Amino acid sequence: MHSRSYITVRYAETDRMCIAHHSNYPVWYEVGRTDFIKMFGITYSDIEASGILMPLINLTCHFGLPALYEDNLIIRTWCINMSAARIEFTYSVKRKEPDGTETELGYGTTEHAFVDSKTFKPCNIKKRMPQFYEMINKNIKGTSKNS
């Protein structure tokens, strides 16, 4: 299971050549991640209200073709790994072409820790939010149920 987020490249996100700056990709990944979590009836705010934060601990971005000003993008997001202490997402950034086809522009991953909001020490999401943990784990990309 994956989410689809739709973004139109804004002028402020581009450089002098009207190419989207590479620093936007992590921001677009965040949009995708937020939408992915919402698919399960929970929000980032709900997670934080339960006393858990999800700091970024690893980020990869691979760039193929440039995203241009006013391109319509689709950010596809999957969870590819989740343990009691960490979660990892993968993203695909595609441009929707005028004929309806999609062209992959780039892809990447983010890895996040689960930490207590007061102590910033790792916490066990499986114990703190067992339903969330189970919902996500049932929908990890590559599992036999979801391949």
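Can you find a residue in region 104-112 that is open to solvent by less than 70 Å² (accessible area, probe 1.4 Å), part of a loop (DSSP other than H, G, I, E, B) and either out of contact with any Phe, Trp or Tyr (no Cβ under 9 Å at 6 or more places or on another chain) or farther than 17 Å from Arg4 by Cα (or both)? So far as region 104-112 goes, no, none of its residues is open to solvent by less than 70 Å² (accessible area, probe 1.4 Å), part of a loop (DSSP other than H, G, I, E, B) and either out of contact with any Phe, Trp or Tyr (no Cβ under 9 Å at 6 or more places or on another chain) or farther than 17 Å from Arg4 by Cα (or both).
Here's the yes/no breakdown for (1) over 15 Å from Ser5 (Cβ atoms); (2) of a type outside the set (A, V, I, L, M, F, W, C); (3) modelled with pLDDT of 95 or more:
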position	(1), (2), (3)
Tyr44	no, yes, no
Asn58	yes, yes, yes
Leu65	yes, no, yes
Cys79	no, no, yes
Ser83	yes, yes, yes
Thr101	yes, yes, yes
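A search for C-beta distances below 8 Å between a residue of region 33-59 that is without any contact (Cβ under 8 Å) to a residue 12 or more places away in the chain and any residue that is surrounded by 13 or more Cβ atoms within 10 Å (Cβ to Cβ) and in a loop (DSSP other than H, G, I, E, B), counting only pairs 6+ apart in sequence or on different chains, returns Tyr44/Met54. Scanning region 48-78 for residues being within 22 Å of Thr109 (Cβ to Cβ) and in a strand (DSSP E or B) gives a total of 16. For region 1-23, a residue qualifies if it is open to solvent by 60 Å² or more (accessible area, probe 1.4 Å), β-branched (Val, Ile, Thr) and assigned to a loop (DSSP other than H, G, I, E, B), but none of them does. Once region 24-49 is narrowed to residues that are surrounded by 14 or more Cβ atoms within 10 Å (Cβ to Cβ) and among the hydroxyl-bearing types (Ser, Thr, Tyr), the residue that is farthest from Glu134 (Cα to Cα) is Tyr25. Test Tyr91 against the criterion of being of a type outside the set (A, V, I, L, M, F, W, C), open to solvent by less than 70 Å² (accessible area, probe 1.4 Å) and either outside any strand (DSSP E or B) or over 17 Å from Tyr29 (Cα atoms) (or both), and give yes or no. It is false that Tyr91 is of a type outside the set (A, V, I, L, M, F, W, C), open to solvent by less than 70 Å² (accessible area, probe 1.4 Å) and either outside any strand (DSSP E or B) or over 17 Å from Tyr29 (Cα atoms) (or both).
Of all residues in region 30-47, those being under 15 Å from the mean Cα position of the chain (by Cα) and assigned to a helix (DSSP H, G or I) number 10.
State whether one or more residues within region 122-136 are surrounded by fewer than 18 Cβ atoms within 10 Å (Cβ to Cβ) and in a loop (DSSP other than H, G, I, E, B). Checked region 122-136: at least one residue is surrounded by fewer than 18 Cβ atoms within 10 Å (Cβ to Cβ) and in a loop (DSSP other than H, G, I, E, B).
How many of the residues in region 51-74 are surrounded by 14 or more Cβ atoms within 10 Å (Cβ to Cβ), out of contact with any Ser or Thr (no Cβ under 6 Å at 6 or more places or on another chain) and polar (S, T, N, Q)? Matching residues across region 51-74 total 0.
The values are calculated or read from the model by the stated rules, or taken from the named source; none is laboratory data. Note that the coordinates shown come from a computational prediction; the quantities given were computed from them, not determined experimentally. No Cβ is skipped: glycine too gets one built from the backbone with ideal geometry, and neighbour counts run over all protein chains shown. Quick note on the areas: whole protein, heavy atoms, side chains included, nothing else; ligands and nucleic acids left out. Shrake-Rupley method; radii C 1.70, N 1.55, O 1.52, S 1.80 Å.
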